[in-house]
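In what follows, a structure is listed as structure tokens, so that the remarks can point back to it.
Each reported figure results from applying straightforward, stated rules to the coordinates on display, with no laboratory input. Just so it is clear, the structure is predicted and the values come from calculations on it, not from any experiment. FYI the Cβ positions are ideal-geometry reconstructions off the backbone, even for glycines, and counts take in every protein chain you see.
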Amino acid sequence: MNKNMTLFKVYLLAGTFTFSGGMAMLPVIERELCDKLNLITKKDLYEYTTLSQTFPGVIALTNACFVGKKVNGTVGMIAAGLGAVLPAYILMSIATVLYQLVPQDGIILSILGAIRATSAAFLITAAYSIARYNLNNVVNIGIALVCFILTIFNLVSAPMLIVLAIVFGIILTYGRQVKK
Amino acid sequence: MIIKIFLVFLKIGFLGFGGGYAMLSLIYHEASKFGMTMAQFADMNALDGIIPGLIAINSATYVGQMYGGFWAALVATVAVSVPSMIFVPLYVKYEAKINKNYYLNQILSCIKAASVGLIFAVAFLLILSIGLNVENIFNWQHLSINYTSLGIIVLVIFIYLRYEINPIILILASGLLGGLVYLI
């Protein structure tokens, strides 16, 4: 079968049957592309996975683009990327249209209220699990704390804080380099 | 409107380091300009959990669809995907020249720390809105505690961290509980 079609189908499959985030796609990709089809080695796949996390943008999509590019050049990249994005786009479009049709009163509001509370809980657990791996020194804890306070008091916008973090990171590493 | 949505999601894509959840704080910040409320943001986050696929794509599609319809959803999805399509070919072409070294990792570490602060802040504001019925911290005098919501938040955090139950089951179960609370 055509390599582009294969990439598209494998990522479409992985995107359709994985929930809550892109990392969950990996086992499916590994099974299909590495074990069954031998299109890419596991070492390459996991190297791209690590590498993707250093780029801005949608991590799992960046990963899909790397794999597609490696297997079949730019066309392969587009095929894999399209496959990874389409399920989320199509299913979420349908879900949002249905959601807009739901009247928000009575029992439905009560149900939504409970779901919103669960949603807040998920956000806390997500933040906690990212914090556990990244807040491992005083500087990082300080940055996180400053960003938290500035955001809840609505003093500096979120995009601006990211830009400031980049600038701070550059100054910090430059300073350390000079010290050596 | 469509051009505005495209530019906003391009910005979110290029500043979005650290995955879907790290992007959510940016998405909330930008989408609130289009009129997104905390409740709608919470619903988006819940839908992200139920609908398959990448969280950032799900969220972009939701915001586009909600505030600009079909074409805006498509445009938001394309815009948030642009950075991947640009950086991958660039990296492959100039791999040898790009330092994937200590310094880059240092800078990334700072960005991720900022992202953690931003997610906690959005989570905090969400709890303020859902559990205490206050839209921002300056209105704290007007708070009225919603015990059911606060109870669910604490319970779900505990269950999720302790037993790693599938998020879809937790969302469905909490929905059922919300329905029962109304009927009783």
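When only Cα pairs under 8 Å and 6 or more residues apart are kept, what is the percent relative contact order across chain B?
Relative contact order here is 23 percent.
Which whole-Hz couplings ³J(HN,Hα) result when phi for each residue of the stretch A:130-145 is put into the Karplus expression 6.51 cos²θ - 1.76 cosθ + 1.60, θ = phi - 60°, listed in order with x for Gly and Pro?
Working through the residues one at a time gives 5, 4, 4, 8, 10, 8, 10, 8, 4, 4, 5, 4, x, 4, 4, 5 Hz.
Over 27 Å between Cα atoms, which of A:43/A:179; A:42/B:11; A:9/A:69; A:179/B:93; A:9/A:70; A:9/B:4 qualify?
Over 27 Å Cα-Cα: A:43/A:179; A:42/B:11; A:179/B:93; A:9/B:4.
Using label points projected 7 Å from each Cα along Cα→Cβ, tell me how many nm separate residue B:155 and residue B:143, to one decimal.
The modelled label-to-label distance comes out at 2.2 nm.
Just flag the chymotrypsin sites (Phe, Trp or Tyr not before Pro) in the stretch A:123-170 sitting in loop per DSSP whose Cβ has no more than 12 other Cβ atoms within 10 Å.
A:153
Between B:172, B:47, B:118, find the one with the highest GNM mean-square fluctuation for chain B; connect C-alpha pairs within less than 10 Å.
B:172
In whole percent, what relative contact order does chain A give with Cα contacts below 8 Å and a gap of six or more residues?
20
Once each part is reduced to its C-alpha centroid, what is the distance from the stretch B:124-167 to the stretch A:1-76 in angstrom?
Each part's Cα centre sits 36 Å from the other's.
Taking neighbour Cβ counts within 10 Å as the exposure measure, how do B:67, A:46 sort from fewest upward?
In order of increasing Cβ crowding within 10 Å: A:46, B:67.
Can you give me the angle between helix B:167-183 and the longest principal axis of chain B, using Cα atoms only, in degrees from 0 to 90, rounded to the nearest 10?
The angle comes out at about 30 degrees.
Order these by the 10 Å Cβ neighbour count, fewest first: A:5, B:44, B:36.
Lowest to highest Cβ neighbour count: A:5, B:36, B:44.
Fewest to most neighbouring Cβ within 10 Å: what's the order for A:25, B:66, B:23?
Ascending number of Cβ neighbours within 10 Å: B:66, A:25, B:23.
Using helices alone, what [θ] at 222 nm do you get for chain A, with -39,500 (n - 2.57) per DSSP H run of 4 or more residues, divided over all residues and rounded to the nearest 500?
Rounded to the nearest 500, it is -26500 deg cm²/dmol.
Would you calculate, for chain B, the mean residue ellipticity at 222 nm contributed by helices, counting each DSSP H stretch of 4 or more residues as -39,500 (n - 2.57) and dividing by all residues, to the nearest 500?
-27000 deg cm²/dmol
Taking the Cα atoms only, what angle lies between the long axis of helix B:20-31 and the longest principal axis of chain B, rounded to 10 degrees?
80
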